[in-house]
Amino acid sequence: MNLRRYEDIIAIQTPDGIVAYNAHNMEVAELSPEAFAQMSKITLKTNAAPVQILSGDDAAESLKLWQSEQNLDVKSGYVGFGIKSLTLNVTQICNLKCTYCAAGGDGTYGDPVTRINVEKTLPQLKYFLDKLPDNSSFNLSFVGGEPFLYPEAMKVIYDYIQHKSADRNINCKYMVTTNGTLMTEKALELLQTMKIHVTVSLDGTDSINDQVRPTKNGESSTAQTLRGIEKLVGIRSSLASIGISGVYSAENLTVKDSYLFFKTLGVDWFEFNFSYTEKSKDAQQEYLRQMGEIAELAWKTGGETELRRIKAFNAYFNTLDSQQRVENFCGAGKSYLMIDAKNQLYTCPWVVGEANEIVGRGSDLDHAKLEKYQKPLIELNNCQTCWAKYICGGGCMFINRAHTGDKHLKDEMFCERTRGLILLGIMYYKRCRA
């Protein structure tokens, strides 16, 4: 990989020419070979701009000029405090036992609460809805465990929110993450009523998925999940979207095969996540290689439309199109909170069950704890010198802690992986805009 940098500008040699990205201006452009030659070589591991002195020729002056220009269309990514997105643990039990499960290894987060208390949940939701201004938006995600072990709660909560938001013109968006094995007629009827975005967890074909996502009784989870996806596709016109989310690691590096398989299932989009616990650099390198392969396959078979079916690339394209800086990888503690099945509040789904991570109960928020999250993640995680910062948004605090022991001490593997994915996104964005 021939990757180079000058201050906020990075550039890479591609078969189509030299593609450059100005991180400050969020602009993608072609670069001359002469200007490229002036830049310092870097790798995906390089965090800061190398110190360098340019020559005084025209190529050097063009780099300096682009670096100094101000793009007035770039919008700030500042996020002030105001909760407009919630994730709700409908239940903390699951019918699968995934080998990599971050929810206590079995979907329970160490506390197998079978059902959320709806009578306590509705007043809690009212508190957050009442804080929203009229004509605003609100996002609610249902998760578990497996949320379709208690679909009745989803229905009551949906009806309540629709009723409370209707006269204030609050636009409500609903999402659910499921293993897809419990798509009964009752569940399908509920989903059609909600006009919801459905994410189904699936890690590939049965040869690998049954190994990493086994049922508790030994049956094939893949067969059940595929039947569920087929049923969901059958009601696609009544849903907002259907996507598949897979997790990949040294034990499962079937990224390309998964992509080809997922394409046959009739869903709208795909997500290929590298396991947050994986520490193998070789596995990460192979993951990035295969992500490059599926990007090329997507480009050749469907251009931008097909590339946008891959969730990460769609997000990068949207950011570059809007020129809206991303200063927070997520809204943890600012615009987003997690509600567990005991109505305790957290900043992140993956810290549920950790007493010291509780930031509230019911409608009682611990503002002293939340105050620690109010600076942009780019600042909290010391990402100011990274060229990918305004597309990445500062990285994941949970992944940082899992690998370094500190939420704000960067996991360098995550940084390298994210830069690799963003670089792919920039390269194909330029192709789409050529």
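Numbers for the structure displayed
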| item | result |
| --- | --- |
| 1 or more residues more than 27 Å from A295 (Cα to Cα) and within 20 Å of the chain's Cα centre (by Cα): qualifying helices (runs of 4 or more DSSP H) within the stretch 319-434 | 377-380, 397-404 |
| Qualifying positions in the stretch 321-346 - surrounded by fewer than 20 Cβ atoms within 10 Å (Cβ to Cβ) and without any contact (Cβ under 8 Å) to a residue 60 or more places away in the chain | D321, Q344 |
| The stretch 240-258, residues that are touching a residue at least 40 places away in the same chain (Cβ under 8 Å), touching a strand residue (DSSP E or B) at 6+ places or on another chain (Cβ under 9 Å) and not in a strand (DSSP E or B) | A240, T254, S258 |
| Options G80, G107: the member that is part of a loop (DSSP other than H, G, I, E, B), surrounded by fewer than 20 Cβ atoms within 10 Å (Cβ to Cβ) and not basic (K, R) | G80 |
| Qualifying residues in the stretch 295-311 (those that are of a type in the set (G, A, S) and in contact (Cβ under 8 Å) with a residue 12 or more places away in the chain) - the one surrounded by the fewest Cβ atoms within 10 Å (Cβ to Cβ) | G303 |
| Residue check, S241 hydroxyl-bearing (S, T, Y) and touching a helix residue (DSSP H, G or I) at 6+ places or on another chain (Cβ under 9 Å) | no |
| Test: residue in the stretch 52-66 that is surrounded by 11 or more Cβ atoms within 10 Å (Cβ to Cβ), outside the structural domain of E152 (by TED's automatic domain parsing) and part of a strand (DSSP E or B) | no |
| Selection within the stretch 207-235 - among the charged types (D, E, K, R) and loosely packed, with under 14 Cβ neighbours inside 10 Å | K216, E219, R227, E230 |
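The values are calculated or read from the model by the stated rules, or taken from the named source; none is laboratory data. Note that this is a predicted model, so its numbers are computed, not measured. In this analysis, Cβ positions are derived from the backbone assuming ideal geometry, glycine residues included, and neighbour counts consider all displayed protein chains.
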